[in-house]
1. Would you check if Y39 is outside any strand (DSSP E or B), farther than 28 Å from A153 by Cβ, touching a helix residue (DSSP H, G or I) at 6+ places or on another chain (Cβ under 6 Å) and among the hydroxyl-bearing types (S, T, Y)?
2. Is there any pair with a first residue in the stretch 176-203 that is assigned to a helix (DSSP H, G or I) and a second that is hydroxyl-bearing (S, T, Y) whose Cβ atoms are under 7 Å apart and which are 6 or more apart or on different chains, and what are they?
3. Residue by residue through the stretch 124-146, note down the ones that are among the acidic types (D, E) and either in a loop (DSSP other than H, G, I, E, B) or exposed (fewer than 14 other Cβ atoms within 10 Å of the Cβ) (or both).
4. Can you spot a residue in the stretch 24-31 that is closer than 17 Å to C145 by Cα and buried (at least 18 other Cβ atoms within 10 Å of the Cβ)?
5. Run G89 past the list (1) part of a loop (DSSP other than H, G, I, E, B); (2) without any contact (Cβ under 8 Å) to a residue 24 or more places away in the chain and report the number of the one that doesn't hold.
6. What pairs come up if the first residue lies in the stretch 46-58 and is over 18 Å from M33 (Cβ atoms), the second is basic (K, R) and assigned to a helix (DSSP H, G or I), and their beta carbons are under 7 Å apart, counting only those six or more places apart or on different chains?
7. Among the residues of the stretch 196-234, write down those that are within 17 Å of D177 (Cα to Cα) and of a type in the set (D, E).
8. In the stretch 152-175, which residue that is β-branched (V, I, T) and outside any helix (DSSP H, G or I) is surrounded by the most Cβ atoms within 10 Å (Cβ to Cβ)?
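No lab work stands behind these numbers, since they all come straight from the coordinates. Everything quoted here is computed from the prediction, not taken from an experiment. Virtual Cβ from ideal backbone geometry, glycine too; neighbours counted across all protein chains shown.
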Amino acid sequence: MELPKNTFKAAIKAGKQQIGLWCSINDSTIAEMLAACGYDWVMFDTEHAAIDAISIVPLLQAVAPYPVSPIVRPGSLNPVEIKKLLDNGAQTLLIPYVQNADEARLAVSSVTYGPDGIRGVAGITRASRFAQIPDYHKRAREEICLLLQVETAEALNEIEAIAAVPGVDGIFVGPADLAASMGHPGNPDHPDVKAAVLDAIRRIRAAGLPAGVLTLDPAFLPEAIAAGSLFTAVDVDSAILLRGALAQAAKWKAHTA
């Protein structure tokens, strides 16, 4: 059995735009439905959503038959949690709240087996196709994609140092926490925040790495892509559901008034 190829990692390395969807609903049927919608990637969020390292398995299984790449965000830069997510089959991780090069190095080490890293070794795991992939432990890092999230004003000052850490595959700019750190909590659409996001994307690309971002502002998306965003999340599953539900309620309440 061959080591599964990480098409997302190959695509961003080649400079190919990847359009994604943020997923916060812990339901495998919804995950499967979204996997068939044509996105290049979906991001399962264990940081803020009611999803954990155990419940991630049915979500990964649900999207596996479809031409979409799953990304998983752990709750924090926690080597133990990262190890479990990798063993459960995640190949691309988005590590939140990385502040500096030292934390970037810890993230790299956490997804790398010894002697170069600290990822714990287990034999019969979903990641190794239950020990059916020859030399999995020697080759796993080839297809693991490590994305780091910078989401404070302080972290933005460290972009070049973070990008220089070997083993980092991409850097994602988080507008929501960045807005809070800049004094605009709850307002990622503030002009100063948008300007900082675009500047960060340009600097990430200038440092030689793919850049990514999430925004629910359709007018801002072309600006982010023009600045160099290569893995671009264009919506959130719960936001799509909420918008549709609110619109339908308002429409039919007005119709029957």
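1. No.
2. Hits for this filter: D177/T152; L178/T152; S181/T152; I201/S229.
3. D135, E142
4. No: zero hits.
5. (2)
6. Here the result reads A53/K84, each pair linking the stretch 46-58 to a residue that is basic (K, R) and assigned to a helix (DSSP H, G or I).
7. Scanning the stretch 196-234 gives D199, D217.
8. V173
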